[in-house]
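The values are calculated or read from the model by the stated rules, or taken from the named source; none is laboratory data. Because the structure is predicted, anything quoted here is derived from the model rather than measured. Here the Cβ positions follow ideal geometry from the backbone for every residue, glycine too, while neighbour counts run over all protein chains shown.
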Amino acid sequence: MRTDAIRLTQKQQALLRRRAVQLREKGKTNAEVAHILNVHRKTVAGWWAAYGRIGHALFEPGKRGRRVGAQRRLTAVHERDVRRLVNGSMPDQLLLPFALWNRVAVGQLIERRHEISLPARTLGEYLRRWGYSPRRPQERAGERTDRAMRTWLAETYPNILRGARRKGAQLFWGDQSGVYGEPTVPPGHTSPDHIIVVRQTATMTIMRAVTNRGAARFLVYKEALSVALLVLFCGRLIASTEGRAVCLVIDHLPEHDTAAFRRWTNDHRDEFTIHYLPTVRS
């Protein structure tokens, strides 16, 4: 079994690199050194090439990986500015042609404010880091009755999907979650072996509508969820689909199941349909 360098300390890795270089200087081939040190031949080749570029700096223990924020296109100042605007405004309030925030809208905001154009994948990484992207679904079997969930998936959901397709509607899954700050390292805790990571508590909430393909539309709010805010979001969701009807699947939060919200959905039944997930077990 080869030596797993990742499991070694920084000092042990440095000693291993030094030993490899010493053996190469004695005329050993990469393959021979790899056999002696029980590592991969390409690893030895990489060390030898690095030694030719940087010399004895190769033997200095260093911190693994890149520093936090290294090689990011946006500076910390840029990130704070963008998040402040997304958290406090709607896109159209900033003269952007969108009813809700999405990846394209955030990209246009960044380009307009800071003259930086980011590719879609990089934008997605920033949205994920900022807590705006939908998280991977988690198992909920312990919270919902198994029978109800199986019935819903086997019978109710296919009917919802067929109905949406028949109407030409766009299907969304709605959710809310807290928005957290990015982990930070306090001053004075920069040792590679003793990094203390601090995560901010959630001070805002994001309301999202996500398609089956993972495309998300969202808004961020500070106040408690209310019917008025839910109606605002749903109205903007309709506006964001450019004439297509909306089919929204949500859970049974109290605000989602009020008479006022049901009246609103009934008044907009030609362009908006609501469906509920199985009730959470009490």
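Select from segment 199-239 the residues that are basic (Lys, Arg), in a strand (DSSP E or B) and touching a Pro at 6+ places or on another chain (Cβ under 9 Å) and list them in ascending order. Can you show your working first?
Keep residues of segment 199-239 that are basic (Lys, Arg), which gives 199, 208, 213, 217, 222, 236.
Cutting the leftovers down to in a strand (DSSP E or B) gives us 208, 217.
Once the filter is applied, which keeps residues that are basic (Lys, Arg), in a strand (DSSP E or B) and touching a Pro at 6+ places or on another chain (Cβ under 9 Å), segment 199-239 yields only Arg208.
Output the helices (runs of 4 or more DSSP H) that fall wholly within segment 1-98 and possess 1 or more residues being modelled with pLDDT under 80 and at negative phi, or say none. So that I can check it myself, show each step before the final result.
On the way: elements: 10-25, 30-37, 41-54, 76-88.
Fully inside segment 1-98 and qualifying: 41-54.
For segment 226-242, does any single residue satisfy the condition of being surrounded by 15 or more Cβ atoms within 10 Å (Cβ to Cβ) and under 21 Å from Trp152 (Cβ atoms)?
No, segment 226-242 contains no residue that is surrounded by 15 or more Cβ atoms within 10 Å (Cβ to Cβ) and under 21 Å from Trp152 (Cβ atoms).
Kindly indicate whether Arg262 is out of contact with any Leu (no Cβ under 9 Å at 6 or more places or on another chain), modelled with pLDDT under 95 and not in a loop (DSSP other than H, G, I, E, B). Before you say what the answer is, go through the steps one by one.
Numbers: out of contact with any Leu (no Cβ under 9 Å at 6 or more places or on another chain): yes; modelled with pLDDT under 95: yes; not in a loop (DSSP other than H, G, I, E, B): yes.
So Arg262 fits the description; yes.
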